[in-house]
Amino acid sequence: MSRGLSTDIQNALASGKFGIASLLKLSLNTTYYLTNHQKNIVFNSATYQPLGYIVNLDDIVEQSSMNTGAISITLSAATTTIMTDLFTNGHIDKNVNLYLALINDSGAVIDAPFEIYAGTISSLKYTESAMNSSIRLTVANQWSHLEQYSGRRLTDDSQQRVFDGDKSFSLRSQVGKKLTWGIQ
C-alpha cells in the first residue's frame, strides 16, 4: 500500500537505493531545525542543520487502535542556546515534529520529507559528565492530552484564586444535595 507516497518515493523504496535522514523540528521559544544527515536539508522554507545533536530516536510503533504513547529523543552536545531555551522558557507541551527524508545517491532529498511523528514534550532529563552531556526529551502523542482538563476547575479554591471573596462555588461540594435558598 502506498499510503499516499509519491511515485518518486515509491520507486526509491522499491529500488532499495536510498539513504534515510531524520528531521527534527523543536518549537520552543525559538524553533530549532536539526537533522542527522551530513549536510543541510531545506524543507518547508526551513534549513535543518546537521550539527550532530540527534543521538537517538525511539522506534515509532504503528498500532491499529488509538493509544496514548510517547517516544524519547536524545540530543547530545546541545548548545547552551537550546538548553537555555528549554530551562528558561519552559519545555512542557512544546511542539515537536519528526520527519523522515529519503536521500538519493547524490545526497539530494527524494521528493519531500514526510511527517512520521508529532507531539508535545512531556518531560526532560538532562545528564552531564566530564565527557558528555545529553538531553532526553519524552514526546507524547496527541492522545496523551485526551483526559487532561484545560482552564479552570469548578471549585471554590479555583474561584478564590481569580475572584477573591466570591462565594459562587462555596456550596459546590453539596451539588446533588437538596439546597434551600433564601434567608436562614
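Only the coordinates and a few stated rules stand behind these numbers; no lab work does. Everything numeric here is computed off the predicted structure, so don't read it as measured data.
Cα-based values for the stretch 1-41, radius of gyration first and Dmax second, are 14.0, 41 Å.
Between the amide H of Tyr48 and those of Ile41, Val42, Phe43, distances stay under 5 Å, these residues lying 5 or more places away or on another chain, with hydrogens modeled in the peptide plane.
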